[in-house]
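Shown next, in structure tokens, is the structure this report addresses.
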Amino acid sequence: MKIAVLGAGVSGLTAGRLLSDKGYQVTIFEKNETPGGLARSRFKDGYLYDPHGGHIFNSKHPEVVEWVFSLLSKENWQFTERNAKIYFNGKYISYPFELSLCELEPEDAVECIYDFLLSQQGEEPSNFKDWLTWNFGKGIADYYMIPYNEKIWAYPLEKMETQWMRGKMPLPEKKEIIRSILLKDPTERKMPHSTFYYPLHGGIQTMINAIAGGVTIRCNDPIRSLEKRGKQWIVNGEDAFDTVISTIPLPVLPDVMKLPDKVTEHIRDLKYNSLTTILFDCPKTDITWLYIPNHSYRSHRVGYQSALTPYAGPDPHRGCAALEIIGRQFEVSPSLVRKAGIVPDELGFTKVLDSEFTEYAYVIHDLNYRVNLDIILKYFSQDASFKLLGRWGTWNYKNMDLCMLDAMNLVKEM
């Protein structure tokens, strides 16, 4: 059986590698010059850069962990306990915010605690903005939850649903929050990604390259056309395949294949946002991520590459960090860091080393999300020879390990 995989991101590579190992004839089509999708890495002037946002590896699924470490053994990874901070009122507050109220100024802490104790009363709201206040109380919501989520989504929170965050967003129980207050202990307990692995050398691209080994990948070969002729799929007008696994963004499909108007209409109504990342030279720190909820700054998060591996830059006494800004593409000038309203001055960012724009960064779970997706998935499920997979292929905001798990399950079904 000949199988075409559209897109060499984590999902496509995982499916392609597993199918190839089972003896199938697999060809992966990738529009970029290197595989990896959002999990690509590169070096600029000796500095490590994950240009599409930070990607680390951890999973509560043993089959995923075992498979990844079978391809890239554990000694090639650095194990790290997350040291994330929130830049709040000029101070570094531990993450997550709701477990770190003991680090706030007394008046702010009292307000958050009081509102929190009165929270979760009445019917649970169905939109994200009201839910944040309902779940955490007005103080925590107004100080951190609402402003930060307004920045990272750049979409009205009242027009977003709430189901997507289960298992994705830290949701500690009330008892945990009360314990952290009484003991003045912001330590995370059972929070997602509280510990993780990152390759010692080469960035997350090292894991990508390990997965891609032995798989036929046609880089610089974007999907221009996709047509069903009889029982075979013709890719780009020339190559015939028995099965297609598509991981490319759903909005691309109407441009390369014929779809019913109704399906196209629902695809066009899907929401997403874009991301610009900017690599900087900066002072060395053991902070892994810094969240910036204040609307006075355009950036919403900083990922410190040099905290993930000691081999992230040429100078062991300096660090490097990737600044993240949601929104449309804009010109990144060398003087960007000196402009007001980009990032707090005290972070010490100096030299712009590199930048990257990512059109498809995050799936937005708006109020029409499930209606649109149900109709789209129902249509494609009618043809067993066409499979959808991955964050963008299934339009589902999942982390890297869950994308791998979905690919594993798809291969088992096939």
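The values are calculated or read from the model by the stated rules, or taken from the named source; none is laboratory data. Quantities reported herein were computed from a predicted structural model and do not represent experimental measurements. Ideal geometry is used to build each Cβ from the backbone, glycine not excepted, and the neighbour counts take in all protein chains shown.
Within segment 181-191, if we keep just the residues that are surrounded by 16 or more Cβ atoms within 10 Å (Cβ to Cβ) and under 28 Å from the mean Cα position of the chain (by Cα), the residue that is modelled with the lowest pLDDT turns out to be 188. Being within 23 Å of residue 10 (Cβ to Cβ) and either within 31 Å of the chain's Cα centre (by Cα) or outside the structural domain of residue 376 (by TED's automatic domain parsing) (or both) is a property that residue 225 lacks.
Checking segment 51-73 against the condition returns no match, with no residue being over 18 Å from residue 402 (Cα atoms), in contact (Cβ under 8 Å) with a residue 40 or more places away in the chain and either in contact with a Phe, Trp or Tyr (Cβ under 8 Å, 6 or more places away or on another chain) or among the hydroxyl-bearing types (Ser, Thr, Tyr) (or both).
Just to verify a result, which residue in segment 247-285, among those that are among the acidic types (Asp, Glu) and within 24 Å of the chain's Cα centre (by Cα), is farthest from residue 328 (Cα to Cα)? Break it down stepwise before answering.
Filtering segment 247-285 for residues among the acidic types (Asp, Glu) gives 255, 261, 265, 269, 281.
Keeping just the survivors that are within 24 Å of the chain's Cα centre (by Cα) gives 269, 281.
On the way: 269: 18, 281: 24 Å.
Step by step, filter segment 247-285, then rank; the result is 281.
Considering (1) closer than 14 Å to residue 349 by Cα; (2) surrounded by fewer than 23 Cβ atoms within 10 Å (Cβ to Cβ), say which one residue 302 fails and leave the rest. Only one criterion in (1) closer than 14 Å to residue 349 by Cα; (2) surrounded by fewer than 23 Cβ atoms within 10 Å (Cβ to Cβ) is unmet by residue 302, namely (2).
Only one of the listed residues (77, 153, 131) is of a type in the set (Phe, Trp, Tyr), more than 26 Å from residue 273 (Cα to Cα) and either in contact (Cβ under 8 Å) with a residue 24 or more places away in the chain or surrounded by 18 or more Cβ atoms within 10 Å (Cβ to Cβ) (or both). That residue is 77.
Residue count for segment 225-271, restricted to those that are out of contact with any Phe, Trp or Tyr (no Cβ under 6 Å at 6 or more places or on another chain) and assigned to a strand (DSSP E or B): 13.
Each residue in segment 277-288 was checked for being surrounded by fewer than 22 Cβ atoms within 10 Å (Cβ to Cβ) and either touching a Phe, Trp or Tyr at 6+ places or on another chain (Cβ under 7 Å) or part of a strand (DSSP E or B) (or both), and 4 pass. For segment 209-260, a residue qualifies if it is surrounded by fewer than 16 Cβ atoms within 10 Å (Cβ to Cβ), among the small types (Gly, Ala, Ser) and touching a residue at least 24 places away in the same chain (Cβ under 8 Å), and the qualifying residues are 213, 214, 225, 240. Taking segment 255-295 as the range and being within 17 Å of residue 54 (Cα to Cα) and β-branched (Val, Ile, Thr) as the test, the residues that pass are 276, 277, 278, 285, 287, 288, 292. If we scan segment 345-354, do we find a residue that is touching a helix residue (DSSP H, G or I) at 6+ places or on another chain (Cβ under 6 Å) and under 30 Å from residue 4 (Cα atoms)? No, segment 345-354 has no match at all.
Looking at (1) closer than 15 Å to residue 244 by Cα; (2) β-branched (Val, Ile, Thr); (3) in contact (Cβ under 8 Å) with a residue 40 or more places away in the chain, can you tell me which one residue 394 breaks? It is condition (3) that residue 394 fails.
Need at least 2 residues that are over 30 Å from residue 76 (Cα atoms) per element, so show me which strands (runs of 3 or more DSSP E) inside segment 289-400 make the cut, counting only ones lying wholly within it. Step through it out loud before you land on a result.
Details: elements: 289-291, 301-304, 318-326, 352-364, 386-388.
Where strands (runs of 3 or more DSSP E) fall fully within segment 289-400 and carry at least 2 residues being over 30 Å from residue 76 (Cα atoms), they are 318-326, 352-364, 386-388.
To keep it simple, each residue is scored yes or no on (1) among the aliphatic types (A, V, I, L, M); (2) in the same structural domain as residue 13 (by TED's automatic domain parsing); (3) surrounded by fewer than 19 Cβ atoms within 10 Å (Cβ to Cβ); (4) modelled with pLDDT under 95.
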{"position": "298", "(1), (2), (3), (4)": "no, no, no, yes"}
{"position": "308", "(1), (2), (3), (4)": "yes, no, no, no"}
{"position": "316", "(1), (2), (3), (4)": "no, no, yes, yes"}
{"position": "325", "(1), (2), (3), (4)": "yes, no, no, no"}
{"position": "342", "(1), (2), (3), (4)": "yes, no, yes, yes"}
{"position": "371", "(1), (2), (3), (4)": "yes, yes, yes, no"}
{"position": "385", "(1), (2), (3), (4)": "no, yes, yes, no"}
{"position": "395", "(1), (2), (3), (4)": "no, yes, no, no"}
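For segment 214-224, enumerate the residues that are in a strand (DSSP E or B) and aliphatic (A, V, I, L, M). So that I can check it myself, show each step before the final result.
Filtering segment 214-224 down to residues in a strand (DSSP E or B) leaves 216-218.
Across segment 214-224, the qualifying residue is only 217.
Taking residues in segment 306-328 that are at positive phi, and partners anywhere that are among the small types (Gly, Ala, Ser), the pairs with Cβ atoms closer than 9 Å and at least 6 places apart or on different chains are 327/154; 327/274. Can you spot a residue in segment 94-112 that is assigned to a strand (DSSP E or B) and modelled with pLDDT of 95 or more? So far as segment 94-112 goes, no, none of its residues is assigned to a strand (DSSP E or B) and modelled with pLDDT of 95 or more.
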